[in-house]
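Encoded as structure tokens, the structure appears first; notes follow it.
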Amino acid sequence: MIEIREARANNLKALDVDVPRGRIVVFVGVSGSGKSSLVFDTIAAEAGYQLNETFPPFVRNRLPKWARPEARRIDGLSSVVVIDQRRIGGNARSTVGTITDAWTYLRLLFSRVSTPHVGESNRFSFNDRTGMCPTCSGIGEVVVSAVERFLDLDKSLKGGAILLPGFGNGGYWYAQYADIGTFDADTPLREWTQAERDALLYGGEHAARLSGRLPKQYEGVVERFERIYLRTADNLSDRKRETLARFTRSALCPECRGDRLNEAARTATVLGFTIGELARTEISELAALVTTVTDPNVAPVVAALKARLDALVAIGLGYLHLGRGTSTLSGGESQRIKTVKHLGSSLVEMLYIFDEPTVGLHPRDVASMTELLQRLRDKGNSVLVVEHDPAVMAIADQIIEIGPGAGERGGTLVFQGTFAQLRRADTLTAAELSRQQPLEDRPRTPRGRIIVTDATRNNLKNLTVDIPAGVMTVLTGVAGSGKSSLAAELVAQHDAVVIDQKPVAANRRSTPITYTGIATPIRKLFARYNDVPAGLFSANSDGACPDCRGLGVIYTDLAFMEGQETICETCGGRRFVPEVLGYTVDGLSIADVDDLTIDDAIRRLPDRAITKALSSLQAVGLGYLRLGQPLTTLSGGESQRVKIAKELREALEPTLYVLDEPTTGLHLRDIGTLLNVLDNLVEHGHTVVVIEHNLDVIRRADWLVDLGPGPGKYGGTVVYEGPVADATGTATAEALRV
Ligand code: ADP
Ligand code: ADP
Ligand code: ZN
Ligand code: ZN
């Protein structure tokens, strides 16, 4: 048993629980009930902390830091592996092949049996000097100027026609173009000749006729931009990096055309295929192909390669190819790849912790995931899973429900037992398990249509799809069938607003208070109630703690190490001097306000501006968040709902919204809330398009676009479009009927 006593992380209420080892244990409960606080912030954190303690200080300093969780005692832990949905990363050198080691074996195969025979396996590595393409250094892409974004042709030089920072009127480089007498600084660029515009951008060579009129040292806008930004790309400031992102794009490497390898490696073949061709072949096909290599000298290499490929196929990722950059994988795909990696490991008695492994999976694909979890357990490991999908609960050896409610109203153990027992129990999860959204049999009437034409992105087979405007459409299909590709095409053709799960804030100081802009109304409320100036409650007034200047924390800059924040000792983190803390509203001091949940704040802070701003967050089911909680602590699903709230507050014109799996992280009960929010968007005249696997969401949609039939090249077509209730004969239709 893993024994946990008096766990108090976040909202946990001195929670005692025994979690069996060597089993699959699924943690359920409404969003915000404390599942992550128990599983990640307590169990995983303690396991990580204990592991670090076993290393000498020298090593410890190089490991990720784990804060010791708040609990009286935690026993029975072993080495922990957390398999979350964090994407595998933006490193351009990481591919599906490299991350699963399949590439290592493919390289080995080429080094042994390719024609012409090349030798060492590093010569096929795009991460090695002897193998990489010299033009792109093994990235397969090069960064080029997006010249079309450099100029605003409707403006003159004086009016700011050059959009690059530093080149506009008053900018550092401005005079080098506007004041040299060659160009007419008062006329919009559209009225210039093509030769003049070319000379401006590229210098004399591109406009021979004009070159006589240019100063000797003249440097075109593009030349200058590339010298300043592209040639020094390694150590750019954040501001320059942003500029770089805005005015450049990546293009296929002109030398290797994406193969990442140098000429010798690029042209060698096995079975008549180059390694680049094999990198672009779907994994399921590659798995069949490699078995036709019959040379006995490489039998072990082929077997190892085949095992890796088969594992990827088994988990439903056979539609990917080894050359696929890991930074382009979805969260669910990344998670499944990480799982495959661990299945290959021979370690036993590990503690595996999964965060919603079914994200991104069609009901048809969920079975391959549950099978993987069972295989991990059967190898002698403990598998803890935070999950909302009943199909995963069904394979659990034990289910633990945290609740009963969210935030303050959660944090206790409400159920522990088998799935069958849970179904008969009196908990929110049990209640939801027995309920099902009815099929939407009276779809709303569209107000026109939005047409996606000739879509060929990724695997899409030249699709033309009508999306009804002013209603809710759901995009379905097995993983890899092309849903995201179609959504991306919709966004590209119609400039939709994407409401994704990326964090809403990069800054720890950003909280629901700052985000909704209620800091000033709160100060005014305190001023009104106590008949003192509002400025007193501001961080840059005399009322603020003089030592931390109203921050509550002291920041210590440690020259060579990461800086550190400690609670201010003078005010104990309460940010204000005692006199100011004495002023109250409904018994709350200005510092107490940070600890209020949104629900409580709406009840206890009598001010229309405050309640109005907060009620949009309440309406999307986030009433349990605390006003002072850093937005950096929100999960992907919570961040997404914060963004929906913002759109509900602010969007005036009918807008096209695209959401990718908004049910991620949502308990069955919260899905009802989400559906109301989506309905709310539609009632405001907006068009909503969601990629979703959750059957309750699909049932409530007005229109269904089902892609398939299979993944990758077996998908990319529309297998059904029409009202949800009429769908038949597809994998999704089948799932809807069960
Ligand atoms: P679940 O995983 O069940 O959705 P969590 O464990 O993430 O719930 O959250 C439980 C409660 O603790 C929620 O009210 C949440 O807002 C709060 N919480 C989570 N992380 C933090 C944090 N880092 N700081 C403060 N509050 C947090
Ligand atoms: P879904 O959203 O239905 O899971 P996707 O649209 O993500 O499917 O993928 C459809 C096909 O396009 C898959 O074969 C996938 O591997 C491929 N694909 C998706 N994104 C990329 C990309 N950035 N680069 C190359 N192939 C991609
Ligand atoms: Zn190249
Ligand atoms: Zn202080």
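The values are calculated or read from the model by the stated rules, or taken from the named source; none is laboratory data. Quick caveat: nothing in here was measured; it's all calculated off a predicted structure. FYI the Cβ positions are ideal-geometry reconstructions off the backbone, even for glycines, and counts take in every protein chain you see.
Among the candidates T732, T728, T717, the residue that is of a type in the set (V, I, T) and out of contact with any Phe, Trp or Tyr (no Cβ under 9 Å at 6 or more places or on another chain) is uniquely T717. Considering segment 128-229, the qualifying helices (runs of 4 or more DSSP H), each wholly inside and each with 1 or more residues that are hydrophobic (A, V, I, L, M, F, W, C) and within 36 Å of the chain's Cα centre (by Cα), run over 221-225. Per the conditions (1) within 16 Å of ligand 3 (Cβ to nearest atom); (2) closer than 29 Å to G220 by Cβ, the sole criterion not satisfied by R93 is (2). If I ask for residues that are buried (at least 22 other Cβ atoms within 10 Å of the Cβ), farther than 12 Å from E285 by Cα and of a type in the set (S, T, Y), which ones from segment 307-332 would you list? Selection gives T326 alone. Here is a list of conditions, (1) at pLDDT below 95; (2) crowded, with 20+ Cβ neighbours inside 10 Å; (3) of a type in the set (D, E, K, R), and E489 meets all of them except one; can you say which number that is? The one condition E489 does not meet is (1). Summed over segment 257-306, the residues that are assigned to a helix (DSSP H, G or I), surrounded by 17 or more Cβ atoms within 10 Å (Cβ to Cβ), aliphatic (A, V, I, L, M) and within 16 Å of ligand 3 (Cβ to nearest atom) give a count of 3.
Can we say V340 is away from ligand 4 (no atom under 16 Å from the Cβ), part of a loop (DSSP other than H, G, I, E, B) and at pLDDT below 85? Spelling it out, it is not the case that V340 is away from ligand 4 (no atom under 16 Å from the Cβ), part of a loop (DSSP other than H, G, I, E, B) and at pLDDT below 85.
For the structure I just gave you, tell me whether R23 is more than 16 Å from ligand 1 (Cβ to nearest atom) and touching a strand residue (DSSP E or B) at 6+ places or on another chain (Cβ under 9 Å). Against the criterion (more than 16 Å from ligand 1 (Cβ to nearest atom) and touching a strand residue (DSSP E or B) at 6+ places or on another chain (Cβ under 9 Å)), R23 qualifies. Every test in (1) assigned by TED's automatic domain parsing to the domain that holds F183; (2) within 16 Å of ligand 3 (Cβ to nearest atom) is passed by D128 save one, and that test is (1). Among the residues of segment 576-605, those that are of a type in the set (D, E) and either assigned by TED's automatic domain parsing to the domain that holds R669 or within 29 Å of R669 (Cα to Cα) (or both) comprise D594, D595, D599, D600.
The condition of being of a type outside the set (F, W, Y), more than 21 Å from V697 (Cα to Cα), within 16 Å of ligand 2 (Cβ to nearest atom) and in the same structural domain as P662 (by TED's automatic domain parsing) holds for K461.
Pairing residues of segment 563-575 that are outside the structural domain of I590 (by TED's automatic domain parsing) and over 20 Å from I590 (Cβ atoms) with residues that are within 16 Å of ligand 1 (Cβ to nearest atom) and modelled with pLDDT under 80, at Cβ distances under 9 Å and at least 6 apart in sequence or on separate chains, gives no pairs at all. Checking each residue in segment 423-457 for being within 32 Å of the chain's Cα centre (by Cα) and over 30 Å from G470 (Cα atoms) picks out T427, L428, T429, A430, A431, L433, S434.
Of everything in segment 1-54 that is under 14 Å from S78 (Cα atoms), acidic (D, E) and without any contact (Cβ under 8 Å) to a residue 60 or more places away in the chain, the residue that is nearest to ligand 4 (Cβ to nearest atom) is E46.
Going through (1) outside any helix (DSSP H, G or I); (2) of a type in the set (D, E, K, R); (3) away from ligand 4 (no atom under 16 Å from the Cβ) one by one, R574 falls short only on (3). I'm trying to understand the selection: among the residues of segment 121-178, which are acidic (D, E) and over 30 Å from R257 (Cβ atoms)? Selection gives D152, D154.
One residue alone among V118, V81, V113, V143 is under 29 Å from N297 (Cβ atoms) and either modelled with pLDDT under 90 or in contact with a His (Cβ under 7 Å, 6 or more places away or on another chain) (or both), and that residue is V118. Residues of segment 459-483 that are closer than 25 Å to L361 by Cβ, touching an Asp or Glu at 6+ places or on another chain (Cβ under 9 Å) and surrounded by fewer than 21 Cβ atoms within 10 Å (Cβ to Cβ): L463, V465. Against the list (1) touching a Gly at 6+ places or on another chain (Cβ under 9 Å); (2) of a type outside the set (S, T, N, Q); (3) exposed (fewer than 12 other Cβ atoms within 10 Å of the Cβ), the condition P512 fails is (3).
Criterion applied to T418, T429, T412 was being of a type in the set (V, I, T) and modelled with pLDDT under 95, and the one residue passing it is T429. For beta carbons closer than 6 Å, sequence separation of 6+ or different chains, a first residue in segment 606-629 that is assigned by TED's automatic domain parsing to the domain that holds G587 and assigned to a helix (DSSP H, G or I) and a second that is more than 16 Å from ligand 2 (Cβ to nearest atom) and modelled with pLDDT under 90, the qualifying pairs are A613/T516; S616/A645; S616/L648; S616/R649; L617/A645. Is it the case that Q176 is exposed (fewer than 13 other Cβ atoms within 10 Å of the Cβ) and at pLDDT 85 or above? No; evaluated as a whole, the condition is false for this residue.
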